[in-house]
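Down below is the structure, laid out as structure tokens.
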Amino acid sequence: VSSAGSSPAAIAPLPWHGDPLERIRAAWSSGRLPHALLLHGPQGLGKVAFAHWLAAAVLCDAPLAPLDACGTCAGCRLLQAASHPDFTTVKVAQDKSAISVEQIRDTCERLAMTSYRCGAKVAVIEEAHRMTVNAANSLLKTLEEPPPNSLLVVVTSRPGALPATVRSRCQRLAFRAPPRSVAREWLEQQTGAAVADAVLEYSAGAPLAALAAAGPFAELDGRMRRALADLAEGRADIASVAAAWARDQLDERLGWLDFWLSRGIRLHISGIADHVTQSQGATLLPSSLPALNITSLYGTLDRVRELRRTLARTALQKELAVEMVLGDLLRSVVLPARR
Ligand SMILES: [Zn+2]
């Protein structure tokens, strides 16, 4: 066992967790911490990290302040080593697509057992919307009759996909994307460099998503701009571009198109359309856009989103679907801009 000084620092809430943090601390101070919490909000805001911090704070043997894990006590160390006997975390297994009823039953049983360390017991369910119907149902008993001194933290980016019976039995804790300046500052601390606003926008303002996307985005952004420029300049035809997109990273490409069109529409409306073309020399949209029809831009954006939704649901002939989207795109964006 190493000395206290060399142990890793306690995990901390992230800079934009102020609201949920205050609410949870107030509940704790007044002895009204609920037995079940529903942490919800877009992906990439650190909800799971918050859940783990909360577990640490609740399970800490020597909190520095109310609900503030010390990071060095036996409880904190056990948690950091992922071997705390009173802590369980559940997520979709690597080779599976859903959280099974067995996983939830096991979690509920552990939550109902007497604490090994004479304290509280905490369970975290990550991506809870991916529980099977049976799994969600098996959670109800625990939600209705919570074991004493237990805390169940249900985390999801899609609360609407959880059964209402589960939602209504948890106290909700909302997570929201921080102001851009807060996200930018945090990203700079993490990467040691400025992160382009476009990456943050592409990640819907979610800092952790932006951190993950920063490298891949720059690469995708370059490739997509080149592809559109090739189409615009007649160096490539729709069929070959559609075939290439259908083969590789189609969802990412459509995500990029969604981002690019949304941004284009917004900037066009606010009269600064030239920002869309800012780099890579692929001037697809000129600074004044008399020929651009905002309605057809929206139409193209709708079509991109519809294709993304359809892709997730059904096997469809991707090349043909992409060709139709590209046809739209050429008519509404690329060709008018060349006139
Ligand atoms: Zn501690």
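Treating only the Cβ of Lys, Arg, Asp and Glu as charged (+1, +1, -1, -1), what charge dipole size does the stretch 173-279 show about its Cα centre? Round to the nearest 20 debye.
Values: 11 positive and 14 negative charges, 32 e Å.
Here the stretch 173-279 has a charge dipole of around 160 debye.
Distance between the modelled labels on Leu140 and Ser83, one decimal in nanometres: 3.9 nm (7 Å Cα→Cβ projection). Measuring with a 1.4 angstrom probe and ignoring ligands and nucleic acids, Thr114 comes out at about 120 Å² accessible.
The alpha carbon centroids of the stretch 145-167 and the stretch 64-113 are separated by 15 Å.
Ranked by solvent-accessible area (1.4 Å probe, protein heavy atoms only, all chains present), the residues Glu102, Glu252 order from largest to smallest as Glu102, Glu252. Using the rule -39500 (n - 2.57) for each DSSP H run of four or more residues, divided by the residues of the chain, the 222 nm mean residue ellipticity is -15500 deg cm²/dmol. For q values of 0.09 Å⁻¹, compute log₁₀ I(q)/I(0) with the Debye formula on a Cα-only model of the chain, without solvent. Reported log10 I(q)/I(0), two decimals: -0.62.
Around Gly327, under 13 Å between beta carbons, what's the net of Lys plus Arg minus Asp minus Glu among the other residues?
Values: positive: Arg303, Arg331; negative: Asp237, Glu319, Glu323, Asp328.
Around Gly327, the charge tally is -2.
A Cβ-based charge dipole, computed about the Cα centre of the chain with Lys and Arg at +1 and Asp and Glu at -1, lands at about 520 debye. In the assembled protein chains, Leu208 presents an accessible area of approximately 60 Å² (probe radius 1.4 Å).
In the stretch 20-91, the alpha-carbon atoms span a convex hull of 107 Å³ per residue. For Asp248, neighbours were defined as the other residues whose beta-carbon sits under 14 Å from its Cβ, and their charges (Lys and Arg +1, Asp and Glu -1) total 0.
Across all Cα atoms of the stretch 129-268, the radius of gyration (one decimal) and Dmax (whole number) stand at 21.1, 69 Å. In the chain, the DSSP beta bridges split such that about 5 percent are antiparallel, to the nearest 5.
Of the whole protein surface, His35 contributes about 80 Å² of accessible area at a 1.4 Å probe radius. Protein-only accessible surface at a 1.4 angstrom probe places the residues Tyr202, Tyr298, Tyr116 in the order Tyr116, Tyr298, Tyr202, largest first. The HN-Hα couplings worked out from phi for the stretch 206-214 by the Karplus form 6.51 cos²θ - 1.76 cosθ + 1.60 (θ = phi - 60°) are 8, x, 5, 5, 5, 4, 5, 8, 3 Hz, whole numbers, x standing for Gly and Pro. Of Leu320, Leu14, Leu228, which has the largest mean-square fluctuation in a 10 Å C-alpha GNM of the chain? Between Leu320, Leu14, Leu228, it is Leu320 that shows the largest mean-square fluctuation.
The values are calculated or read from the model by the stated rules, or taken from the named source; none is laboratory data. These figures come from a predicted structure and were not determined experimentally. Note that we place each Cβ from the backbone using ideal geometry, even for glycine, and neighbour counts take in every protein chain shown. Areas reflect the complete protein model, heavy atoms only, side chains present, ligands, DNA and RNA absent. Shrake-Rupley method; radii C 1.70, N 1.55, O 1.52, S 1.80 Å.
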